[in-house]
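The values are calculated or read from the model by the stated rules, or taken from the named source; none is laboratory data. None of the values given here were measured: they were computed from a predicted structure. Glycine gets a Cβ as well: all are built from the backbone with ideal geometry, and neighbour counts include every protein chain shown. Side chains are part of the model used for accessible areas, which takes the heavy atoms of the whole protein and leaves out ligands, DNA and RNA. Shrake-Rupley method; radii C 1.70, N 1.55, O 1.52, S 1.80 Å.
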Amino acid sequence: GPKKTDFHIVFFFIHNKRSRHSLGRPGKRQLPLHHRCLRGPFLTTPGQHSLENRAPCDAGIDFAKKLLVFEVVSFSFFLFSSLVAQGLKLAINLLNSKDVDEAIRAHINLKVLRLGMMGSAVGSVMGCLFLMLSMVNVIEIRLGMLSCGSKSAVHSVTALVLLVSSALLVYISTAVYAFLH
C-alpha cells in the first residue's frame, strides 16, 4: 500500500494558533487577521486625492480596481491555505481517534501529508504576496504615487517590502526544509 508516516500533531497546533491570531482588544472575539484583509476598498474612494497634495501624485481609478482584485485574490489564497491545513488536521484527528494510546501521533499517507503541507504553504505565500501588492496600492492611493517621488510612500513601501520579503524568506526556507526532511 501507500507509504505512511508517523506524524506528530505539533504542526497543526501551531497552524491553529496562527489562524486564530487576530488584532483587537483582549477578551473580544474577532475574525482572524487574514479574514479581515478586505479593508483596502473601504479606505479609498473614487477621485480621492493623496495626502501628498499634488495632482500628479494622485492615483487613478485603475489603482482602486487593482487594489480590489489583489485583495480578493489574497483572501482566496489565505482561505485556500487555511482550508487545506484544516482538512489535513481533520484527517489526522480522525485517524488519531482510532489509537487513543498515542495522543500526539497519527499514521497518515506521506504523499498526502507533503502535498497538503506544500499546498497550504504555497497558499500562505501567495496570499502574503497579493496582500503586499494591495497594501502598495493603498499606500499609493493614500500617500501619493511612487512615481512622483512621495517620500512617505517610498519609505512605507520600502519598509513593507523589506519586512514581508524577509519574513517570507524565513517561512519558505522553513517549509522547504520541513518538506525535504
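Tabulated data
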| quantity | calculated |
| --- | --- |
| Positions within the stretch 157-166 being of a type outside the set (S, T, N, Q), open to solvent by 40 Å² or more (accessible area, probe 1.4 Å) and free of Cβ contacts under 8 Å to residues at least 24 places away in the same chain, in sequence order | ALA159, LEU162, LEU163 |
| Long-range neighbours under 6 Å by Cβ, at least six apart or interchain, first residue part of a helix (DSSP H, G or I) within the stretch 77-96, second hydroxyl-bearing (Ser, Thr, Tyr) and open to solvent by less than 60 Å² (accessible area, probe 1.4 Å) | SER81/SER120; SER81/SER124; SER82/SER19; VAL84/SER120; ALA85/SER120 |
| Pairs where the first residue, in the stretch 109-137, is in contact (Cβ under 8 Å) with a residue 12 or more places away in the chain and surrounded by fewer than 20 Cβ atoms within 10 Å (Cβ to Cβ) and the second is part of a helix (DSSP H, G or I) and among the basic types (Lys, Arg), C-beta under 9 Å, 6+ apart | LEU133/LYS66 |
| Residue that is farthest from PHE77 (Cα to Cα), among those in the stretch 141-156 that are open to solvent by less than 20 Å² (accessible area, probe 1.4 Å) and part of a helix (DSSP H, G or I) | ALA153 |
